[in-house]
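Peer 1: Encoded as structure tokens, here's the structure I'll be asking about.
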Amino acid sequence: MRHRVGKYLTRLACFLLGVSAIGIALFLFVYVFWKGRGVISLSFLLDSPSGVPVGTDGGIFPALIGSIFLGGLSALMGGLLGIGAALYLAFYLDRKWLSVLVNTAILGLSGIPSILFGLVGYTLLIYKLGIGRSLLCASISVAAMIVPFVSIRAKKIFEEKRRGYMEESLGLGLSKEYTLRKLILPHCASELLGTVALGMAYGMGAVAPILYTGAVMQADIPRKLTDPFMSLPYHLYMLVNNGFSLEYAFGTAFVLMAFLLLVQLLCKGVTSLQERKESR
């Protein structure tokens, strides 16, 4: 009897927690949309910001494109570095004490507040090197922030494949490098893509790393890496922080949430298609 009651209570608790999580997510989307419904339109997506102060009229097109550029560039740099670090940790780092040291460093790096990445980026890239506030400086700062995020998750993916593919391949006389290029990396490609996409979404939603390094309140679409740029989270931050327009802030927030959700759904779809091909 006690076992049966415990089983039903566990099921009920899991059900309530699951429904609560879904309810919170839906509430956030509906609430943000409802508060910004007056400005959300096609022109809001395609026009540049205007009004006095800037951002209280017009649209968010330069901020949307700037966020896409920032996310793509930082994901490219941070993804390559993170996956490279994960490959080294999973397949080449044999000394246990060094492995513990490097893993501890990466975990510590993942816990650093994002504002510090912006501060270091500003000090090294802008103050010391004189590059100037730009898309390049902001992307480097965000890439540094997502490297541990990607590395930790990619390492888990590689470790799941190491025992199977690597041990069998080495037993057949194949080299480690050949196994990585021809078997492990192609097999893990969809999962790695999803990991990098998560890192991209994480970086695109951050304000602190770009606060000092490249984001501005008003700019055209960046045509080169050394141009300053607009970003959705920075635009949202400025609208709320300066008390310009809460309605436009909520409209910007909804577009940012919807765009990040779209990125995740696309990557999930690619992963699902890859898994179906492998299961056939």
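Peer 1: How large is the helix-only mean residue ellipticity at 222 nm for the chain, computed as the sum of -39500 (n - 2.57) over DSSP H runs with n ≥ 4, divided by its residue count, in deg cm²/dmol to the nearest 500?
Peer 2: Mean residue ellipticity, 222 nm, calculated: -23000 deg cm²/dmol.
Peer 1: Among Ala86, Ala144, Ala13, whose mean-square fluctuation peaks in a Gaussian network model of the chain (Cα, cutoff 10 Å)?
Peer 2: Top of the fluctuation ranking is Ala13.
Peer 1: Hey, what angle do you get for helix 185-204 against the long axis of the chain, alpha-carbon based, 0 to 90 degrees rounded to 10?
Peer 2: 30
Peer 1: Now for a separate question. So if I place +1 on the C-beta of Lys and Arg and -1 on the C-beta of Asp and Glu, and nothing else carries charge, what would the dipole magnitude of segment 53-185 be about its Cα centre? I want it in debye, nearest 20.
Peer 2: For segment 53-185, the charge dipole is close to 300 debye.
Peer 1: Going by how many other beta carbons lie within 10 Å of each one, how would you line up Lys128, Lys155, fewest first?
Peer 2: Final ranking by Cβ density, sparse to dense: Lys128, Lys155.
Peer 1: Moving on to the next point. Residues with amide H under 5 Å of Ser231's amide H, sequence separation 5 or more or different chain, H placed in the peptide plane at 1.01 Å from N; which?
Peer 2: Hits under the 5 Å cutoff: Val216.
Peer 1: So what are the ³J(HN,Hα) numbers for segment 243-259, from phi and the Karplus equation (6.51, -1.76, 1.60; θ = phi - 60°), rounded to whole Hz, Gly and Pro as x?
Peer 2: x, 6, 7, 5, 5, 5, 5, 5, x, 5, 4, 5, 4, 4, 4, 5, 5
Peer 1: With axes computed from alpha carbons, what is the tilt in degrees of helix 61-87 against the longest principal axis of the chain, rounded to the nearest 10 within 0 to 90?
Peer 2: Taking the Cα atoms of the chain, the angle to 61-87 is about 20 degrees.
Peer 1: Neighbouring Cβ atoms within 10 Å as the yardstick, rank Glu247, Glu177, Glu160, Glu191 fewest first.
Peer 2: Glu177, Glu160, Glu247, Glu191
Peer 1: Between Ser175 and Leu93, what is the FRET efficiency for a Förster distance of 22 Å, r being their Cβ-Cβ separation, to the nearest 0.05?
Peer 2: Computed FRET efficiency for Ser175 and Leu93 comes out at 0.80.
Peer 1: Place a +1 charge on the Cβ of each Lys and Arg in the chain and a -1 charge on the Cβ of each Asp and Glu, then give the dipole magnitude about the Cα centre in debye, rounded to the nearest 20.
Peer 2: It works out to roughly 1060 debye.
Peer 1: Further, regarding this structure: Highest GNM mean-square fluctuation, the chain, Cα pairs closer than 10 Å: which of Val216, Val196, Val270?
Peer 2: Val270
Peer 1: While we're on this one: Along the charge dipole of the chain, pointing to its positive end and built from +1/-1 on Cβ of Lys, Arg, Asp and Glu, which listed residue (Tyr202, Leu256, Ile22) has its Cα farthest out?
Peer 2: So the residue we want is Ile22.
Peer 1: Please give the helix 232-241 orientation as an angle from the longest Cα principal axis of the chain, in degrees from 0 to 90, rounded to the nearest 10.
Peer 2: Tilt of helix 232-241: around 50 degrees.
Peer 1: I need the shape label for the chain. Rule: rounded when a/c is under 1.5, else prolate if a/b > b/c, else oblate, with a, b, c from the alpha carbon gyration tensor.
Peer 2: It comes out oblate by the Cα gyration axes.
Peer 1: Further question: Counting other beta carbons within 10 Å of each Cβ, put Ile221, Ile152, Ile83, Ile210 in order, fewest first.
Peer 2: Going from least to most buried by this count: Ile221, Ile152, Ile83, Ile210.
Values quoted throughout were computed directly from the atomic coordinates according to the rules given, and no laboratory measurement underlies them. The structure displayed is predicted, hence computed values, not measured ones. In this analysis, Cβ positions are derived from the backbone assuming ideal geometry, glycine residues included, and neighbour counts consider all displayed protein chains.
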